[in-house]
Amino acid sequence: MVSKERLTITLADNILKKVDGIIDSQNIRNRSHAIETILSQYFLPRVTKVIILAGGAGVHMRPLTYEMPKAMVPVKDKPLVAHTVQALEQVGLEDVIMVIGTLGEKIKEHFGNGESYSTSIAYIEDEKESGTAQALVAVKEKVGDQPFILVYGDVLAEIDWLDLMNFHHEHGGLATMAVTSAKDTKDWGVLQMDGSRITRFVEKPDEGDSRSHLINAGIYILDPEVLSKLSNRSKSLEEELFPQLAADGELYGYHFSGKWFDVSTPEVYERALKEWE
């Protein structure tokens, strides 16, 4: 956790009014928090790159995915992954790399170089589709030396991206995982927390091993150093990397309360069509 020091400052009235204008008593609690948030956004290591894992055969979403990748199934008249691309662009995150696999040409045809979404989009093909870890290994040389966002292409989430970035900076861990909650946790990675630190992470635990309703939301901020923990033999971030980071005390959880859908089954897809705005 980053240590803090109390300061006394003097601000011009016109600036103070602008500071007060961003206080909403929820995300921004008071003047001190508002000023810290503004300064954090100015000084924090600049997250500029976004990696979207948009591969996968989408077996459980057939017959839709016989003709299109799962990331392209339509939600509210646009592809699933387009909602994420647009939300990121709105907060200035415009440098996107999509890792594509089965039917990936459909993604390329729709997004092109990203110009129509006011975004720069590059592609890496992961034809083997040998797991989330290898998909990340494939972009190892392109992420640079700053923290980057990793998001799964079948996720829809109402999340404050700027607040997520501030959280990662403030807590100083190698990785931040967006966390939501679910009544039935058997299909996701389940975690236990001590404060903001994730102390234990188990992917799809056995029924008797699930002692929490907190789950992995498929959205992360990772420091580049994390990539050194992956090898050409690594397969699953969820089964290998995240449990290790939790054990090392380097994994933090950003708990958000907005809508969240892991659109990987027809049942979840139907709910997303009804509830997503």
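Principal axis extents for the chain, Cα atoms only, whole Å, descending order, please.
Between the extreme Cα coordinates on each principal axis of the chain lie 62, 46, 39 Å.
If a/c stays under 1.5 just call it rounded; otherwise compare a/b with b/c (prolate if a/b is bigger, oblate if not). Do that for region 70-112, with a ≥ b ≥ c from the square roots of the Cα gyration tensor eigenvalues.
In terms of gyration-tensor shape, oblate.
Rounded, prolate or oblate for region 75-221? Axes are the square roots of the Cα gyration tensor eigenvalues, ordered a ≥ b ≥ c, and the cut-off for rounded is a/c under 1.5.
prolate
For Ile38, tell me the accessible area in Å² from a 1.4 Å probe, rounded to the nearest 10.
Rounded to the nearest 10, the figure is 80 Å².
Sort out for me the Cα centre separation of region 124-176 from region 232-268, rounded to whole Å.
11 Å
Hey, quick one: spin label on Lys186, modelled 7 Å out along Cα-Cβ, who in region 51-72 has an amide N within reach, i.e. under 20 Å?
Backbone N within reach: 59-61.
May I ask you to list the lysines whose Cα is less than 20 Å away from that of Lys140, ignoring any residue fewer than eight positions away on the same chain?
Lys49, Lys128, Lys229, Lys235
Taking only protein heavy atoms into account and a 1.4 Å probe, give the accessible area per residue of the chain in Å².
In whole numbers, the chain has 53 Å² accessible per residue.
Show the residues, 5+ positions off or on another chain, whose built amide H is closer than 5 Å to the amide H of Val75.
Placed amide hydrogens put Leu80 under 5 Å from Val75.
Report, in degrees rounded to the nearest 10, the 0 to 90 angle that the Cα long axis of helix 266-275 makes with the longest principal axis of the chain.
The helix 266-275 is inclined about 40 degrees to the chain.
For Ala122 and Glu105 in one chain, what is 0.36 nm times their gap in residues minus the Cα-Cα distance, to one decimal in nm?
This chain segment gains 4.9 nm when fully extended.
Please work out how much length the chain gains when fully extended from Gln244 to Trp276, using 0.36 nm per residue of separation minus the C-alpha to C-alpha distance, in nm with one decimal.
8.1 nm
Of the accessible area of the chain, with the probe set at 1.4 angstrom, what percent is carbon plus sulfur? Kindly include the intermediate steps, with their values, before the conclusion.
Numbers: 6890 of 14670 Å².
On the chain, the fraction of accessible area on carbon and sulfur atoms equals 47 percent.
So what's the angle, to the nearest 10 degrees on a 0 to 90 scale, between helix 161-171 and the longest Cα principal axis of the chain?
Once rounded, one gets 70 degrees.
Helix-only mean residue ellipticity at 222 nm, the chain, DSSP H runs n ≥ 4 weighted -39,500 (n - 2.57), per residue, nearest 500. What is it?
Estimated from H runs of four or more residues: -7500 deg cm²/dmol.
Report the antiparallel proportion of the DSSP beta bridges in region 156-270 as a percent, rounded to a multiple of 5. Please list the in-between numbers first.
Values: 16 of 21 bridges.
If we restrict to bridges inside region 156-270, about 75 percent are antiparallel.
The values are calculated or read from the model by the stated rules, or taken from the named source; none is laboratory data. These numbers come from a predicted model, not from an experiment. Cβ coordinates were reconstructed from backbone atoms using ideal geometry, including for glycine residues, and neighbour counts include every protein chain displayed. Accessible surface areas use protein heavy atoms only, side chains included; no ligands, DNA or RNA. Shrake-Rupley method; radii C 1.70, N 1.55, O 1.52, S 1.80 Å.
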